[in-house]
Structures are given as C-alpha cells and as structure tokens.
1. List the strands (runs of 3 or more DSSP E) inside the range B:69-129, counting only whole elements, that have at least 1 residues being among the basic types (Lys, Arg).
2. Would you check which residues across the range B:132-168 are part of a strand (DSSP E or B), in contact with a helix residue (DSSP H, G or I) (Cβ under 8 Å, 6 or more places away or on another chain) and of a type in the set (Gly, Ala, Ser) and list them?
3. In this structure, is B:Asn43 surrounded by 17 or more Cβ atoms within 10 Å (Cβ to Cβ) and not in a strand (DSSP E or B)?
4. Select, from B:Ile31, B:Ile24, B:Ile57, the only residue that is under 23 Å from the mean Cα position of the chain (by Cα) and at pLDDT 90 or above.
5. In the range A:63-78, which residues are in a helix (DSSP H, G or I) and surrounded by 15 or more Cβ atoms within 10 Å (Cβ to Cβ)?
6. Here are B:Val139, B:Val170: which of them is surrounded by 15 or more Cβ atoms within 10 Å (Cβ to Cβ), in contact (Cβ under 8 Å) with a residue 24 or more places away in the chain and closer than 22 Å to B:Lys52 by Cα?
7. Out of B:Tyr58, B:Tyr47, B:Tyr42, which single residue is more than 30 Å from B:Leu346 (Cβ to Cβ) and away from every other protein chain (no Cβ under 14 Å)?
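The values are calculated or read from the model by the stated rules, or taken from the named source; none is laboratory data. Remember, it's a predicted structure, so these values are computed and weren't measured experimentally. Using ideal geometry, Cβ is built from the backbone for each residue, glycine included, and neighbour counts are taken over all protein chains shown.
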Amino acid sequence: MIQLKKIDKYYDSRFQRTFILKGVNLEVKQGEFVSIMGPSGAGKSTLLNIIGLLDEASAGEYYFWDEPAHQIKEKQKVMYHRSHIGFIFQAFHLIDELNVYENIETPLVYRGVKGKERKALVADLLDRFNIVAKKDLFPSQLSGGQQQLVAVARAIIGSPKLLLADEPTGNLHSEQGEMIMSLLKKLNEEGMTIIQVTHNEKFAQYGTRIVKLVDGLVQEDYPVTNRS
Amino acid sequence: MNFLHFKNSIRFLLKKKSYLLINILGLGIGIAAFLILFIYVYNDFTYNHFNKNLENIYRVREGKGEQTKGLLLAEMLKQIPEVENGTRIFDWDGYRLAYEDVASPENVHYVDTGFFSVFSFPFIEKGTGDHIKEKYNAVVSKDFAERFFGNESAIGKKLQVQFGNNYLTVNGVVDIPDNSSVKFDIVTSYETGESISPWVKQVHDWYNTFSMTYVLLKSGTKPESIYDKMQQIAEANFLTGENKKPEMNLLAFKNYHSEQESNRTLIIILGVIAIGILSIAMVNFINLTITNSLGRTKEIGVKKVVGAGKGFLIRQIMTESLMVSFIALLLGVLLANIFLPQFNQLYDTRLHFSFTQNRLLMPVLVFIWLLVGLLSGTIPAVYLARMGSMDSLRGQAIKNGKVGMSKYSLVVVQFAIAIALISGTFLVQKQIRFMINQDPKFDKENVVVAELSGWEFKDLEAASLKYKRIAEDLESSPFVESVCFSQCTPGNYNHNYNTFYTEGGSDVESIHLRKAYVGRNYFKTFGIKLLDGEGFSDETRNYERNLVLNKKAMETLGYGSVGDQILHESVRTGTANKIIGEVEDFAYQGAQYEMQPVAHIFTEQENYTNWSYLCVKSKPGTSLQVVELLKNEWKTTQPESALSFFFAEDKLNEQYREYEKIKQIITWFSLVAIVLSCIGLFALSSYAISRRIKEIGVRKVNGAKVGEVIALLNSDFLRWVAISFVIAVPISWYALNRWLEGFALKTNLSWWIFALAGVLALGIALLTVSWQSWRAATRNPVEALRYE
C-alpha cells in the first residue's frame, strides 16, 4: 500500500544542510498497524507528515497504491485527504467553533455527501462511540479523551484506507490512552491500515509492527510478537 | 456555501465580540460620515437638475449684471426666433397676506406666464386652466400651503392682500426641490402685481433693472449665436451715447449654481474629505480583518487536513468578510440617517437619505460593500489557503519580530489629522469665547428690545398712537430708565453706506460712512458713552440733519472735537449734515469685523409703525419686570399680536452663531478622526503584539514584571503618536493662524491648545493600546512558549 524509497528530508541553512530523514525505506501493507517509535527529534512526525501528504520529501520516491505520490499536485492531495487518509493529532485539533456533531460531519461536507446521508453516517458513529449525548457540546466542554474520541470519529467517518495518528495519546492520561488505543486496535482488526507515532512502549504493543527511528534513519523494524 | 460553514463563521465572529464590534463600528462611522458628505456634494452637483429643459435654459445678463431691464424679454421673444420661451422674475414686492386667522408678511414673486414652461416645478396640486394666466391666480409652495391651509387642499383658497378688497386665488401647489436655484413662496403674474403695486410697472422700463430674465432657447441653439441680436436690441433701446456698453450675454442655467451660488472649492474639499474618511475607515477595516483572521490558522489547517479544498476555504473567508462589511454598511446607513437631520440643522440644508432622489446612492453603497468585503476577504483568504497545512496547524502564520515602518505611517497620518482637528476645535472655542467676552461698550444686560410689526395693522394711524402711548407708559414706569425708537440695534446694523464730503479742516476730503437711523435717546437707552458733544437726548431740540459719529469716524476725519462740522452727503454740494456728537467705538457688529466709521442719523417718524424697534433700558436688575411690563402693554393695547423681544446682546451674539456651527462641525469631525485613528492603532497594535508574543514570554520567564512589559509595548506605540504630534503642530498652527486672520479682534494661538490636543491624543492612544498590552503582558508565558 505504501512504499517509501530513499526518502530524504533536510533543511538548508546558510552553511549547512540539516537532515531530518536520511534514506528512509519503508513498506506498509494493507491491514498493518505500524507504530513508529524513537527519541525526540528522530524525525517520526516528519515521516508521518510525508506519508500523510502534509509535507513533502526533499528527495526520494513515495508510492501510495503504486501511484507516485511525490509527484502529485495540490489538488490531488486534497482528493487523497478527502477519501484515503484520516488524521488524529496529539492536540486533537478539533474546530473550536463547531460542536461534536458538526466536527464529525465536516469531512463529509467537503466530500459533497448529501445531507440525509451525512446525518445517517454521523448518527451511526455517535452511536458506535457512545457519544450521542455529547453531540451538541463544544470541544472546550469535553475531556481530553472525549475530544480525541471525537477526533477519531472525524478521522474515520469518510472510511479512509489509511489512518495516521501523531502521538494520539500524548495529551491523555493512561486510562483515556488505553481507551483510544483499544479503539484503534479494533479499527485495525476491522481492516483499517494504521500508522501511529508514539513514545509509549506499551501503546506500541497494540500494533502489529514497530519501526524504530533514530536520527532520521530506520534502526529497527520488527513485528510485534505478543500483541496486547 | 453550506449551512454548516455559515454557522461556523457566525460562531467564529461572535467569539471575538470586541474585534467584531470595533471593526463594524469603525467602518460604520466612516461610512456614515462619508454618506453625509456624499449626499451634500451630490445635492450640490445636481442643483437644478429637476428642470427638464435645463440644457436650454439661460439667464440673460448685461455684462456681469444679474438683473436686467424690464422690457428686454418681450423684445427678445419678438425679435429672436431662437428664443422659444422666457420669463422674468421680480422679487422686490411684499405685503401682508391673510387667510382666515393666519396672516403674515409675504414676499410675493411676479413672473411671466412662461415661468412654468421654462422651469419644471413638480405640482402637488393643480387648479384649473393655465396656473397663473388668469389675473389674481397664484401658485404657492408646499411650505406656504401648509402654513396657511394646514392639511386642507389649497386650490381655490383666497388670500387677502393687506387689508383691502384684493384677493389672490391659489391655483396650484408646487413642491420645490431643495436644490433649486429658483425658489419662491408664492408667485403670481406681472399683471396681478401691477394692479396691486402700481410702482412695479414703473420700474419695468428701459432704465431700471429690477427683474431677472430667464430664456428657453430652441434645442441645439448655441447661446453665443444670438449675442449679436441681443446686443442690437440693447443698442436700439438703452445703450445710447458713447459710454461703456455692457455686453449682453447668456449664462447657462446648468452652471448657474456652481458659478454664482456655491463654493466649488469647498465642495471639492468636502468631496476629498469624504473619500479620505472612507478610505481610512476601509484600510482600518481591512487591516483589522486580516489581523483577526490570522488567528484562525489552526482552524484552516484542520479543515485542510480533513479535505477542504482551496476554493472552499477562500469562499468561507470571503463570505465572512462580506457579511461583516454588510453589517457595517447597515450601521453606516443607520448612523447617516440619525445624523443627517443634525447636519441639516447646522448647515441649514434639507438633505434626505433617499434612493430615489439620489440615484447614485445605491450603486455607491454596493460599491463600498463589495470593495471592502472583497479586499478584506481576499488577502487573508489567499494567504491562508496557500499556507502549508503543517505550518497552519502549528499556528505559525504570524512571524515574530517588530512591525515595519510603513505599517505605522497610516496610523501616524490618522493621528496627525486627529491632533490638528482637536486643536482646531479648541481654538475655535477659544476665539468664540474671546469675542463674546469682549466689552461691547454698550449696556448689554439691561436693554430689552421689542420688535415692532407695523404690517399687521389695518389702521396705521391708530397703531401709531398705540406705540406712542406704550412708549410714554413705559417711560413713566419706575423700572425704566429710558426708552427710544430705532431702526437698528447693536448687532443689527444695515449695510447701508454712503460717501460724505468734508468742508475743510479735515485730514480727508471725503469719508465712507455706514449709516444708521436712530431716534431720540438712542445712546442714552443703550448706555453708549458720549465722548464729545451730545447724543440726541434733548427732548426739546430738533435734530434734523444732525449726525453722531463713532470714534473711528472722528479719527478718520481727523477732527479734534465735534465743533459743529458739516458733512455733505453723496456729492460735494449735497445735503449738509451737522456733526453734533461723538460716541465710543461700541460693538454695533460682531468682534470678527473691522471697526468702521459709522454715522448715526437722527430720525423722526410721523407714523410710529414705521419704526422697527422699541428699545427700553431698565434700571439695573429690573429687566425681567420690564419684560413683564412690555407683555402687559402688548396685551392691553394690541391683544391680536404677540410680543417678540430680545435683549440687546442677543443680536450681537447671533453674529457668532456661524462660528458655533464651525465649532460643532469640527468637533464632529474630530470625533470621527479620533475614533478612526484609535481603530487604526488598535488593529496595528494587536497585530504588532501578536508578533511579539514569544518575545514577551521570554522576557517574562527571565523576570520582567507586568508593568515593565506594558511600558515596553506602550512606549513603542506612543512614539508614533509623538511623531504625529510633531507633524500636526506646524500644519495646524499655520492653518489656524490663517483662520484667525479673518477676525478683527483675535485671541492668541496659545501653546497650550496644541499641548492639550497632543495630550488628549496621547491619552486616547494610551487607553487604546494599554488594554491589549495588559492582556499580552499578563498572559501565562508558558502558553506563548509551549510549542517552541
């Protein structure tokens, strides 16, 4: 599904070139749940952003479903964001001015889904995530775990093929973190490909495979043996 | 546009209520000020446009002379085929008109029957036949009809002329547009006029020039093409001999207002001010909107990530700015409607906010709306839509660092204007107070003046006796010191001048004197100090052809003392007038005018109704009793007419009213300028502070106190206000000096006027920025530094 070949990411300052990623090769198959780990500054988030088409690699090739994603235009990126990729962030990034219902509904609006169908889809998800009672609340009225739950709902409402999570539990305490991780695991079992960035060894165990990144290089890449 | 986005926009806007309010208020005030000036300028530019024949109406002139010989038009119509129609207008006659119990002295215009063909006055009511063709038929204005007949139909109503058996029959009511150069209360035909006032016929000959003449030329006729024929008529009838011949010419009526009545320069200045105010308000609005929308980068980033296209985002931001500017527009229209009546009162205009009367209004409003809405939307929309998703998610739209000089220049200009206007307000106020506090050198407190209205009386003999008796009654009252009749009062002198020739012993051969006709005891009654000779106060003496001059006149003549000098009026051999007294240079006119040489001419009237004023000097502190006394006299002797009176200083102070108007208008504009510059500063400071959030955080972490941070931020802005002050002072000093030159007696342009204006501007600026500085300074530095 995803194929990265010799991906470089660097910034040029006046006298030197600073590498964030250096020659990263990575292949992710459909149905996998990959946890990218590594110390601060290793380039985990940058790698995730490149995969999510939020950032561009400085060099190398990136194939998404065998399409050369390193060559696509801005407009196509929007199309990928609409239909193939969902995001979850550490800071949740809900829209403060919209309530729970409306936040979840937003991606469907951009996809041009009809009102009735949208209603059904959102209602379905609210039900599934047990947040029907909260649908009229605004993000500031929710706890962190609930906000992340809404963010997950928003990310998957368009049934994307790929879900990218940048430290989804980073702003949550452990109980809420576990709740979110079990949810991700469940989604993965239902067939969704997930790539997450995490510092948390325990939460990495929820996935099927761990990629360790150090100083922009892939240091280790191994499957999770006893998945929790 | 989806309803969801609409909700999103509204919630986003409402979240920052203070921004929204300031932004809408600023643009609203700007638009209101612009609209009022725009309506005023438009009204001026469309003067007389209601006349369908405007292109072909011309006013006949003899050289530069505005009035023409009374017989000219008939001759032109006869001899010049290009002249299709025409009318004379004669406005020198007036008398009492009465309908049932309403009566008042009216200025009656006489016109030819072509009047209503040349001009297209819109009729509200039409009678039978041809308006005024039938003798004694008259057409009245809407105001006149309301005054006399209230809500009743005016057609067929008969107005009694004076107290005689002549009646004018109303045969039409017109609604004269406010921007018409030709205005009247009541018009009737020359034929009627000549019957009522036979002298009218006498002054319409080939010698006198009492009437105005308008002609309607055939379409396509060049006015110059008939000048020769006009000249021939003139030469055949009145331009005889070898003396200078005025050239007959035509003034296009469409240019009449701009060339003769209005001050085109002023209109253009007002137009420039209007556009200036509007552009400043718009730039502020755009700046503030941009600054504000930079705070929503995160929201934009999220939307991009979940799949919003560029078009979507741009449309959303555009809709928002169009929405906000529309509300501002509505507010502007509302404010303009509220303040237009006040403006009308100040400027004695009758402007209306009407889309039908002012056809440009709607397009201009739409233009302003689109311009502001699209500009304030486009810049942030394009900017935000283009930004990388990750950058916007991190909220890094605002680069750190200080704001460049060019951004400040606008605020500097705005504050310079505000400071100049504030100092102008102070100076005008100071000058007015200075003039009012001048010693007028007459008794301004104890003299009560009753206005006499002789036109009211049918039996003038009886009325005269009444006035005489009132004067005698008053004189015998213990409260009254002295009584006099007069044709003028201080502050109320006619512009009536003549040349007087001296007989020798004088520095000058002749002197130009302002003439004032007064009765016995005038100087005594007004408490005007006599410097030499006597002042018409001896009851037994006949003062015929005697003069009392003011000091200025005596100085000009160079006479050391009165000494019964003789002055001949008009020509060297003219009537001899004896100077018998000299009075102080008292304030017979406002302090803004140069003191002139004035001659008071003793007058006696056989009939007391010919006097204009009855002046009564009360003993100190009893002026209210005297007013009561006057009221009683009026009630007992002439219950049918109401007493109208004033105190001696009132008329003088009326001359300063014009400056009160100037003060008010400057005050209003200062307010607008202050509000706009504050909004400009607010927009700029919030932008500048948002760029320094990190710096503030770092300073605080390193131990800066809140007060120190506020001082740091404020000093940065106040520096620019100080620069505006430096720019504003010389400009306004020059302008105000020029303004003061127009006054004979002027106050000094004290330094404190500018200091006060500067301090005021500084104070307002401080208030504007302090709130934001305080908010920025009290923020938790952790927030600012979290993502670094």
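1. Hits in the range B:69-129: B:83-99, B:123-126.
2. Within the range B:132-168, B:Ala138 is the sole residue that qualifies.
3. Spelling it out, B:Asn43 is indeed surrounded by 17 or more Cβ atoms within 10 Å (Cβ to Cβ) and not in a strand (DSSP E or B).
4. Result of the check over B:Ile31, B:Ile24, B:Ile57: B:Ile31.
5. The answer is A:Ala69, A:His70, A:Lys77, A:Val78.
6. Only one candidate passes the filter, namely B:Val139.
7. None of the others qualify; the one that does is B:Tyr58.
To keep it simple, each residue is scored yes or no on (1) of a type in the set (Val, Ile, Thr); (2) at pLDDT 90 or above.
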{"residue": "B:Asn179", "(1), (2)": "no, no"}
{"residue": "B:Thr188", "(1), (2)": "yes, yes"}
{"residue": "B:Gly193", "(1), (2)": "no, no"}
{"residue": "B:Ile196", "(1), (2)": "yes, no"}
{"residue": "B:His204", "(1), (2)": "no, no"}
{"residue": "B:Phe210", "(1), (2)": "no, no"}
{"residue": "B:Leu216", "(1), (2)": "no, yes"}
{"residue": "B:Ile226", "(1), (2)": "yes, no"}
